[in-house]
Amino acid sequence: MDLGERPDPVGPDGWVTVTVKAAALNHHDVWTLRGVGISADRLPIVLGCDAAGLDPDGHEVIIHSVIGDPDAGGGDETLDPRRSLLSERHDGTFAQKVAVPRRNLVPKPAALSFEEAACLPTAYLTAYRMLFAKSGLEPGATVLVQGAGGGVATALILLGRAGGYRVWVTSRSEEKRARALELGADQAFASGSRLPERVDAVFETVGQATWAHSLRALRPGGRIVVSGATSGAAPPAELNRVFFLQLSVVGSTMGSRDQLARLATFLEQTGVRPRIDRSLPLVQARDGFAAMVSGDLFGKVVFTR
């Protein structure tokens, strides 16, 4: 990963250039550095999926990072077979300027700072869709969030509490369990612990390390909503448990541009704000990556100009 100068971005017809005020770090950026999801012929490329800034007319905007055609996905660009994220085929947001399709701009509520708004397009949008579109649950249901501390897990706690769910969390870290309770989780347990009762849904971003516990934690007919697998993507499936208890496993990826707009309104109306672990100038991006790789985070890393 190098810090340097790049030409000002120029997009095709229908694209605009946004002046970046704040950008947020995601595990996607770490995986890109490891060579996952990108080929050598696309390098060099600017990293970064998430940002908030100013459009060419000076309007404050949030950038939706999914580059796709809603018509090709039946109205949902995340189902477009040719979709990508910023920094996969097109330069990303860790720069002073970024080119994006005009339809990918969402008005930023004045109540949100640029740093807060930059946290929304990946982690918080992913959590929003998991909670309100994929879980199939009503407010008052009990949900389990595996791996408190990460960006999506933190978003699940904050949004789930505001949405009326009873939110339980797990973590290996006593400190992170305490912080989760401060954020609004109802109970926090050591990873793999036996729970007081089975839950209606489990939200998975950890994968292999927590999968067996997630299956055991579900009530009959319950659902796992999985949006990531940071510890590994190939756990034992335990199909006997899945079919005998009639469990559902539902995949969830990001969210649509319209869902991002509703998420911004949700935060504006509820007063919920993204939890930011640290805000760093972009020239210190390496320190933010190091913190994510080591797991020394509770919330989002944000880069500013």
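The values are calculated or read from the model by the stated rules, or taken from the named source; none is laboratory data. Computed from a predicted model, the values in this text were never measured in an experiment. Glycine gets a Cβ as well: all are built from the backbone with ideal geometry, and neighbour counts include every protein chain shown. Side chains included, ligands, DNA and RNA excluded: accessible areas come from the protein's heavy atoms. Shrake-Rupley method; radii C 1.70, N 1.55, O 1.52, S 1.80 Å.
Values for this structure:
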{"read-out": "When residues of region 263-284 are limited to those that are touching a residue at least 60 places away in the same chain (Cβ under 8 Å), not in a loop (DSSP other than H, G, I, E, B) and not hydroxyl-bearing (Ser, Thr, Tyr), the one farthest from Thr32 (Cα to Cα)", "value": "Glu268"}
{"read-out": "Test: residue in region 106-113 that is open to solvent by 20 Å² or more (accessible area, probe 1.4 Å) and either within 30 Å of Asp41 (Cα to Cα) or in a strand (DSSP E or B) (or both)", "value": "yes"}
{"read-out": "Region 1-27 residues that are free of Cβ contacts under 8 Å to residues at least 12 places away in the same chain, paired with ones that are open to solvent by 80 Å² or more (accessible area, probe 1.4 Å) and in a loop (DSSP other than H, G, I, E, B) (beta carbon under 9 Å, 6 or more apart)", "value": "Gly4/Pro44"}
{"read-out": "Pairs with Cβ under 6 Å, 6+ apart, first in region 79-90 and modelled with pLDDT under 95, second of a type outside the set (Lys, Arg) and surrounded by 17 or more Cβ atoms within 10 Å (Cβ to Cβ)", "value": "none"}
{"read-out": "Test: residue in region 150-166 that is small (Gly, Ala, Ser), in contact with a Lys or Arg (Cβ under 6 Å, 6 or more places away or on another chain) and open to solvent by 10 Å² or more (accessible area, probe 1.4 Å)", "value": "yes"}
{"read-out": "Close pairs from region 178-189: first closer than 15 Å to Val143 by Cα and without any contact (Cβ under 8 Å) to a residue 60 or more places away in the chain, partner open to solvent by 30 Å² or more (accessible area, probe 1.4 Å) and assigned to a helix (DSSP H, G or I), Cβ under 7 Å, at least 6 apart", "value": "Gly184/Arg161; Ala188/Arg177; Ala188/Leu181"}
{"read-out": "Test: residue in region 264-282 that is aliphatic (A, V, I, L, M), buried (at least 16 other Cβ atoms within 10 Å of the Cβ) and farther than 23 Å from Arg129 by Cα", "value": "yes"}
{"read-out": "Exclusive hit being aliphatic (A, V, I, L, M) and within 17 Å of the chain's Cα centre (by Cα), set Leu86, Leu43, Leu54", "value": "Leu86"}
